[in-house]
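Shown next, in structure tokens, is the structure this report addresses.
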Amino acid sequence: MCSCLSRKEKAESLGNDSRIEVKEMVQSLENPQTKLMTGAEAVATAAKLSRPQVIAAYPITPQTKIVETLSGMVARGEMDTEYINVESEHSAMGAVIGASLAGTRTFTATSSHGLLYMGELVWWAGMTRIPVVMPVVNRSLNPWNIWPDHQDAMTFRDAGWIQFYAKNNQEVLDLTICAFKIAEHHKIWMPVMVCLDGFILSHTSAQVEVPSQKKVDNFLPPFEPLAMLDPDNPFAHGSLTDSEGIWEQRMSLIDGFNNAHVLIPQIFTEYTEKIGRLGNYLIEVTGDIEHAECAVIALGTLGEEAEQTVEYLLEKNIKAVVLRPRVFRPFPKKELIVLINKVPRLLVIDRAVSFGNAGQLAIEIQAELFAHKVEVKFHQKIMGLGGMDVNYVDIATEIERVLKED
Amino acid sequence: MKAKITEMMERPNVLLRGNFACAGCGLSIAYRTSISALDRPIVVIPACCSSVIQSLHPNVAFNVPTLNIAFAAHASAASGIARAKKMRGEEVTTVVWSGDGGTYDIGLATWSGAAERNENIIHFCYDNNFYSNTGAQRSGATPRGAVTTTTPEGKKEKRKSITRIMAAHDIPYIATASIGYPRDLYAKVKKASTIEGYRFILIDAPCPTGWLSDPAITPELGELAVKTGYFPLYEIENGNLIFSRKGEKYRDPENRVPLEEYLSKQNRFKKMTPSQIVEVKKDIQHEWDQLVRLE
């Protein structure tokens, strides 16, 4: 399903001539649609193209370039947006909840401790279904450490938010634009978190193909509120609710996630047709799944790194495949099971831990394996916490260990 | 600015029957008087008595668009509404309607940020001196000597001066008002609604349930708070303090009704010793002295 050239194929096509590679890069830089940008800038660019009407954001805890880049765009008049420089992440989410219910498209961004400080209102937005889009730069939690892992976003996997995990800056941009359409679909109507690994994506420049405003406008129509605070039609939002009311609301949220599961691939397809690249899959498959001895499942950049492992192991005559869920909520259960059924072994790599148990991804996959009585040799590994470097050789070593163990 | 009785009688009915307020509820009077003075209000309510008394979903007794939000998110949510409506080109009055716990304590950062940004919001704090909807726990607004469920022997510290903290933000309009003087309150709300930017109105709202007072004398307690000097009435416009006509004479301690008359009508003060009463009188005078400096 992955159409991109592997590192090895690229090298072959270029005849290992680095001058050609440089020339290609210069050409692509001259192309106005392709830019060199960090993940943070990709987020900001996607936000700008999506025309949010109100942005509220706090720049620190820890700082990313997203908020600064967007404030610059607003200040220069490149965006027609009300920008609220709030005094904390808690207030950032408070402001976008208010702005969304007042009938505008909203956006904020955060990271790590900022997400945790926002926590109460992250749940508020999830439970009361506020269609805000929020990229989260995944970084480790305390003690202070600004390097990547997924502990921050995993803490909120249950909060009623759709969660994407991007593998590169291009996907960051594409998923962020898609996120608005998904959040605001009237059969979904819930917040979306676009997760991108700290530093590896947020602070590292890579080529990103930027769609034209016209194309994005054609994909993403203006915000259409489902319900709006309006003096001509008063109603109360979030008022005191009894058990039956809460039950009804939670059941509707579960339905919303079921709808999202069906609609997200359709919206990805529409994006691919109108803008390009993305593909309609919830799980990216890299490698020959039909003949693989082991499948690696990992999120975000760990998944991308594992793609290199597949090539690396081929040289050693080991066949591996990567299954990278880029949509984590709704959890793509049935898609995963179809894929896992094709492989004899599974290695799940988590970049976060549910302390006292195991990695969250591993726990959730195990539950599905049990539910569907899937016979597969299951292995799990926690890697890369606090930004510990994980390269394709490290992953290969784990796969080799797995193959040796059984 | 003076409120006409006829105008007040013709105001819209913002508080419907079927609300859950206790008998003699001060905040209901404050809400009805204040919100009915506004043009096209959208009201943000954090956790407080007002989030409880507006009735149970799907019923609602507050007859204006209402957003209930987390305790410390009132002014941020209101900022979002105000900016969104500006972006949509809709004329509304964005309101924060918070209790003293939400304003003096847990929501202080969120309103301070909104006040510093001078968001176009009217922030009302109905002050009943404690956390009322959860059964009378101590807040930063609880006066010295008052018994609450978390200060069973009476609070040891004086209450915070929220208006002076607010004044340090140099916002365009601040007022104090009391449900004992509804015309004064109404007029101040009307005046606030003609001003742009962050505006703050602190309303003394007696709570018979928590103050352990007779529900029939709620307005009287409001008046007594002013007449004893306990709750001064004033406005601060662009940094200049003006004492309100109704309460100005109580700046002179000679003109004040003895504090004991106010305290004795509320059982929350029954554990106060004579020396504590002297301390509270000093607290009151200290506040007046500080206010006079802002004149």
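Readers should treat all values here as calculations from the given coordinates under stated rules, not as data from a laboratory. Everything quoted here is computed from the prediction, not taken from an experiment. Every residue, glycine as well, gets a Cβ built from its backbone with ideal geometry; the counts of neighbours run over all protein chains shown.
Return the sequence-ordered ³J(HN,Hα) values of the range A:246-260 in whole Hz as given by the Karplus equation 6.51 cos²θ - 1.76 cosθ + 1.60 applied to θ = phi - 60°, using x for Gly and Pro.
5, 4, 4, 5, 5, 5, 5, 5, 4, 4, x, 5, 4, 4, 4
Quick one: which residues, 5+ away or cross-chain, put their amide H under 5 Å from the amide H of B:ALA3? H built at 1.01 Å from N.
When sequence neighbours closer than 5 places are left aside, the close amide H contacts are B:ALA187.
Distance in nm between label sites at B:ARG293 and A:GLU244, each 7 Å beyond Cα in the beta-carbon direction?
5.8 nm
Run the count for the range A:283-405, please: Lys pairs, Cα-Cα under 26 angstrom, 8 or more apart or on different chains.
27
Pull up the cross-link candidates among the aspartates and glutamates for B:LYS271, meaning alpha carbon to alpha carbon under 19 Å and not fewer than 8 places away within one chain.
By straight Cα distance, B:LYS271 reaches B:GLU153, B:GLU157, B:ASP214, B:GLU260, B:GLU261, B:GLU279, B:ASP283.
Quick one: angle between helix A:89-101 and the longest Cα principal axis of chain A, in degrees between 0 and 90, rounded to 10, please.
It works out to around 60 degrees.
Which of rounded, prolate or oblate describes the range A:41-197 when judged by the alpha-carbon gyration tensor and an a/c cut-off of 1.5?
Rounded, since a/c falls under 1.5.
Between helix A:65-75 and chain A, what is the angle of the helix's C-alpha long axis to the longest principal axis, kept within 0 to 90° and rounded to the nearest 10?
Approximately 40 degrees, to the nearest 10.
To make sure I understand the rule: partners must be lysines, Cα under 22 Å from the Cα of A:LYS48, and not fewer than 8 residues away in the same chain. Which ones qualify?
Partners found: A:LYS35, A:LYS65, A:LYS167, A:LYS181, A:LYS214, A:LYS215, A:LYS274, B:LYS85, B:LYS86.
Rounding to the nearest 20 debye, state how big the charge dipole of the range A:133-292 is about its Cα centre with +1 on each Lys and Arg Cβ and -1 on each Asp and Glu Cβ.
Once rounded to the nearest 20, the dipole reads 380 debye.
State the answer as a single residue: which of A:HIS186, A:LEU175, A:ALA109 lies farthest towards the positive end of the charge dipole of chain A, with beta carbon charges of +1 for Lys and Arg and -1 for Asp and Glu, about the Cα centre.
Sorting the options by dipole projection puts first A:LEU175.
For the range A:218-230, in order, what is each residue's ³J(HN,Hα) by Karplus, 6.51 cos²θ - 1.76 cosθ + 1.60 with θ = phi - 60°, in whole Hz (x at glycine and Pro)?
The phi angles translate into 5, 8, 10, x, x, 4, 10, x, 7, 9, 9, 5, 8 Hz.
Checking the a/c ratio against 1.5 first, then a/b against b/c, what shape does the Cα gyration tensor give for the protein assembly as shown?
Details: a/c = 2.59, a/b = 2.24, b/c = 1.16.
Judged from the Cα gyration tensor, the protein assembly as shown comes out prolate (a/c at least 1.5, a/b above b/c).
Relative to the longest principal axis of the C-alpha atoms of chain B, give the angle of the C-alpha long axis of helix B:74-88, reported between 0 and 90° and rounded to the nearest 10°.
30 degrees
Can you sort A:SER50, A:SER100 by how many other beta carbons sit within 10 Å, fewest first?
So the ranking, lowest neighbour count to highest, is A:SER50, A:SER100.
Per residue of the range A:313-318, in order, report the coupling 6.51 cos²θ - 1.76 cosθ + 1.60 (Karplus, θ = phi - 60°) as ³J(HN,Hα) in whole Hz, putting x for Gly and Pro.
6, 4, 5, 8, 6, 10
Check which residues have an amide H placed less than 5 Å from B:GLY24's amide H, if you skip close sequence neighbours.
none
For the range B:1-71 and the range B:224-295, what is the centre-to-centre distance using only Cα atoms, to the nearest Å?
27 Å
For the residues A:MET154, B:MET9, what sequence is obtained by ranking on other C-beta atoms within 10 Å, fewest first?
B:MET9, A:MET154
Show me the ranking of peptides B:100-112, B:219-231, B:243-255 by mean Cβ neighbours inside 10 Å, starting with the highest.
Per-residue Cβ counts within 10 Å, averaged per peptide and sorted highest first, yield B:100-112, B:219-231, B:243-255.
Give me the one-decimal nm value for the distance between modelled label points at A:LYS333 and B:GLU220, 7 Å along each residue's Cα-to-Cβ direction.
Once both label points are built, they end up 6.5 nm from each other.
Which cross-chain or sequence-distant (5 or more) residues have an amide H under 5 Å from the amide H of A:ASN138, H modelled 1.01 Å from N in plane?
It is A:LEU196, A:ASP197, A:GLY198, by chain and number.
Spin-label point model (7 Å from Cα, Cβ direction): what's the B:LYS271 to B:ASP170 distance in nm?
4.4 nm
Picking from B:ALA21, B:ALA141, B:ALA73, which is most flexible by a Gaussian network model of chain B using Cα springs under 10 Å?
Checking each option, the largest mean-square fluctuation is seen for B:ALA21.
Between their Cα atoms, which of B:LYS156/B:LYS265; B:LYS156/B:LYS246; B:LYS2/B:LYS265 are more than 29 Å away from each other?
B:LYS156/B:LYS246; B:LYS2/B:LYS265, as the Cα separations exceed 29 Å there.
Other chains' Cβ within 10 Å of A:98-110 residues: what's the mean? Mind showing how you got there, number by number?
On the way: counts 18, 11, 4, 9, 17, 6, 8, 2, 3, 0, 0, 0, 0.
The mean count of partner-chain Cβ atoms within 10 Å per residue comes to 6.
Where the centre of each part is set by its Cα atoms, how far does the range B:122-150 sit from the range A:370-401, in angstrom?
Centre-to-centre (Cα) distance: 54 Å.
How many angstrom lie between the Cα centre of the range A:286-307 and the Cα centre of the range A:79-156?
31 Å
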